[in-house]
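Shown next, in structure tokens, is the structure this report addresses.
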Amino acid sequence: MLDLSPAQVTQLLHDHSSGDPEAFDKLFPLVYDELRRIASRHLNRERRFHTLNTTALVHECYLNLSNREASWENRAHFSAIASKAMRHLLIDYARRRNAQKRGGDKQIIPLDGQEIAVDSNTEQLIELDEALTNLSAKDERLSQVVECRFFGGMTMEETASAMKVSVRTVQRDWNRARAYLHRALSSES
């Protein structure tokens, strides 16, 4: 793998933002390991034996991001957007799965108790997404902190850099967001 400086990676991100279609293809191998780390964090919160594996999630995210017009500011900003894209892919997957469980166009197959317990993770993921959507409507920045920290696995410093705020602001927002999500998810159970 090539070892480019952060400035060179940022330049490729800017080139892609400026319309250079080849820039993203050059960038992808350089950030692939980081995307796999983010995807792995997302999938660790999913049910066991999820149909999507880390590689599939990274590649779906790549397709999503490569077709998107975006203004990437730096590597940390790219990681935050990639994490959010992965979360949305998993939410969409969970919603489709739940729709199929409720009938959809598939044949109904009886499930034993263990499978039902495993499938409850998709409902928890959807509840978390709804709570995050509500949080975003109340305070977008708190929602972004959760995206970076919880789903992206970013440090306080990386989150502050991606969001262009101080580390202390991220710490306060992180505490407020966790408290809000705890209350929201506790009231739903």
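The values are calculated or read from the model by the stated rules, or taken from the named source; none is laboratory data. Just so you know, these numbers come straight off a predicted model, no measurement behind them. Virtual Cβ from ideal backbone geometry, glycine too; neighbours counted across all protein chains shown.
If you scan the range 58-100, which residues turn out to be over 16 Å from ARG45 (Cβ atoms), in a helix (DSSP H, G or I) and in contact (Cβ under 8 Å) with a residue 40 or more places away in the chain?
Residues satisfying the conditions are LEU65, SER66, ARG75, ALA76, HIS77, PHE78, SER79, ALA80, ALA82.
Hey, among the residues in the range 59-115 that are acidic (Asp, Glu) and surrounded by fewer than 16 Cβ atoms within 10 Å (Cβ to Cβ), which one's modelled with the highest pLDDT?
Among those that are acidic (Asp, Glu) and surrounded by fewer than 16 Cβ atoms within 10 Å (Cβ to Cβ), it is ASP92.
Tell me whether the range 41-55 contains one or more residues that are modelled with pLDDT of 85 or more, surrounded by 14 or more Cβ atoms within 10 Å (Cβ to Cβ) and more than 24 Å from ASN98 (Cα to Cα).
no
Tell me, please, whether a residue that is at pLDDT below 85 and closer than 20 Å to LEU125 by Cα can be found in the range 20-32.
The answer is no; no qualifying residue exists.
Could you run through the range 147-189 and say how many residues are in contact (Cβ under 8 Å) with a residue 40 or more places away in the chain and aromatic (Phe, Trp, Tyr)?
Counting residues in the range 147-189 that are in contact (Cβ under 8 Å) with a residue 40 or more places away in the chain and aromatic (Phe, Trp, Tyr) gives 2.
Could you figure out which of (1) more than 25 Å from TRP72 (Cα to Cα); (2) modelled with pLDDT under 80; (3) of a type outside the set (Ser, Thr, Tyr) isn't true of ARG172?
(2)
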